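S.K.: Once you've had a glance at the structure underneath, I'll fire off some questions.
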Amino acid sequence: MSEKWLIGVDLGGTTIKMAFVSIYGEIIDKWEIDTNRTEQGKHIVTDIAKAIDRKLEEHGQTKDKVLGIGMGAPGPVNGETGLVYEAVNVGWKNYPLKNLLEIETSLPVVVDNDANMAAIGEMWKGAGDGAKNLICVTLGTGVGGGIIANGQIVHGTNGAGGEIGHMTSIPEGGAPCNCGKTGCLETIASATGIVRIAKERLRDKDAKSMLSGSVTAKDVFDAAKANDPLALEIVDFVTFHLGVALANAANVVNPEKIVIGGGVSKAGSLLTDHVKKYFQRFAFPRVAEGASIVIATLGNDAGVIGGAWLAKQAFLQ
């Protein structure tokens, strides 16, 4: 019998990433399509099914080659029923993703939150290096979090486990967050948050900096590397709050690895050195001893590899 393939699908607000993955976690082929968000995202499932059919045809394969699909969606997900409670970016509410994708593809499907999938991907094939207790945080447009305890994803009661981005960093007078609260970690440590903070600080007449009005998060870290005083101040503020949040999360989980991914993680050691300093200060000493803070290694492939792992766990007999 020839070896079966797994399909990983990672749904984002602008693109849907897909891959055929071997049962050993190697990517056979990967591609992406645009996310069609019109009409409350009702075309997304059909688009995915068609894209899979086309790609199988290119490889001269039929659906018999596929063991199953593992898909990640943004927002809280019921891992058992595959119901997406809410995915604001694509317009879904109480959306039966697993059932609809199974009908469209006639393949077995398992669904989870996208940040959880990235965490699993990093655990299996990336910077997590097989660690059974791991915290993964993705710093992109928002801040996603996935927690693995004893080799299992922490889902919680209604699919909202591991929402590190919505830990409160500024209890009073914080910036509003998309979740409806104010002062979430996401309003500070995301690329969006870093830009907002930079723009606020640049309004100060005395601010001396190479940064200008149309600033990006990358600009802030680049300027900090060049010892720009304002940029260093912003990096220190952001990493202070990230370090506190990760220390608090780690005190609950006692992880072996804390993996930082997403676009902001491209700042590399400048980011991790600052975060480590504050993490060491705020984590319970034994927790701090046990945890290493590392940059994610799989980049955009983390989600599809995590999806493949989920499909393997669910459907490989």
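The values are calculated or read from the model by the stated rules, or taken from the named source; none is laboratory data. Remember, predicted model here, so these are calculated numbers, not experimental data. In this analysis, Cβ positions are derived from the backbone assuming ideal geometry, glycine residues included, and neighbour counts consider all displayed protein chains.
S.K.: Restrict the check to the stretch 40-52 and report whether at least one residue is in contact with a strand residue (DSSP E or B) (Cβ under 7 Å, 6 or more places away or on another chain), free of Cβ contacts under 8 Å to residues at least 24 places away in the same chain and surrounded by fewer than 18 Cβ atoms within 10 Å (Cβ to Cβ).
M.R.: Taking every residue of the stretch 40-52 in turn, none turns out to be in contact with a strand residue (DSSP E or B) (Cβ under 7 Å, 6 or more places away or on another chain), free of Cβ contacts under 8 Å to residues at least 24 places away in the same chain and surrounded by fewer than 18 Cβ atoms within 10 Å (Cβ to Cβ).
S.K.: Give the residues of the stretch 142-176 that are under 15 Å from residue 187 (Cβ atoms) and surrounded by 19 or more Cβ atoms within 10 Å (Cβ to Cβ), sorted by residue number.
M.R.: 142, 143, 144, 145, 163, 164, 165, 166, 169 - these are the residues of the stretch 142-176 that are under 15 Å from residue 187 (Cβ atoms) and surrounded by 19 or more Cβ atoms within 10 Å (Cβ to Cβ).
S.K.: Going through the stretch 85-100 one residue at a time, which ones are in a strand (DSSP E or B), crowded, with 22+ Cβ neighbours inside 10 Å and in contact with a Gly (Cβ under 6 Å, 6 or more places away or on another chain)? Don't jump to the end; show me each part of the working.
M.R.: Residues of the stretch 85-100 that are in a strand (DSSP E or B), as a first pass: 85-87, 92-95.
This time we only want the ones that are crowded, with 22+ Cβ neighbours inside 10 Å, so: 87, 92, 95.
87, 92, listed by residue number.
S.K.: Still on this structure, please answer the following. For the stretch 168-179, state whether one or more residues are modelled with pLDDT under 95 and hydroxyl-bearing (Ser, Thr, Tyr).
M.R.: So far as the stretch 168-179 goes, no, none of its residues is modelled with pLDDT under 95 and hydroxyl-bearing (Ser, Thr, Tyr).
S.K.: Hey, another quick one. Identify, please: which residue in the stretch 62-79 is in contact with a helix residue (DSSP H, G or I) (Cβ under 9 Å, 6 or more places away or on another chain) and assigned to a loop (DSSP other than H, G, I, E, B) and is, among those, surrounded by the fewest Cβ atoms within 10 Å (Cβ to Cβ)?
M.R.: 62
Per-residue answers, yes or no, for (1) among the charged types (D, E, K, R); (2) closer than 14 Å to residue 71 by Cβ; (3) not assigned by TED's automatic domain parsing to the domain that holds residue 72:
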{"position": "14", "(1), (2), (3)": "no, no, no"}
{"position": "17", "(1), (2), (3)": "yes, yes, no"}
{"position": "21", "(1), (2), (3)": "no, yes, no"}
{"position": "29", "(1), (2), (3)": "yes, no, no"}
{"position": "34", "(1), (2), (3)": "yes, no, no"}
{"position": "37", "(1), (2), (3)": "yes, no, no"}
{"position": "40", "(1), (2), (3)": "no, no, no"}
{"position": "43", "(1), (2), (3)": "no, no, no"}
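The rows are residues; the columns are (1) assigned by TED's automatic domain parsing to the domain that holds residue 186; (2) modelled with pLDDT under 95; (3) out of contact with any helix residue (DSSP H, G or I) (no Cβ under 6 Å at 6 or more places or on another chain).
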site	(1), (2), (3)
222	yes, no, yes
240	yes, no, no
248	yes, no, yes
257	yes, no, yes
271	yes, no, yes
278	yes, no, no
284	yes, no, no
287	yes, no, no
311	no, no, yes
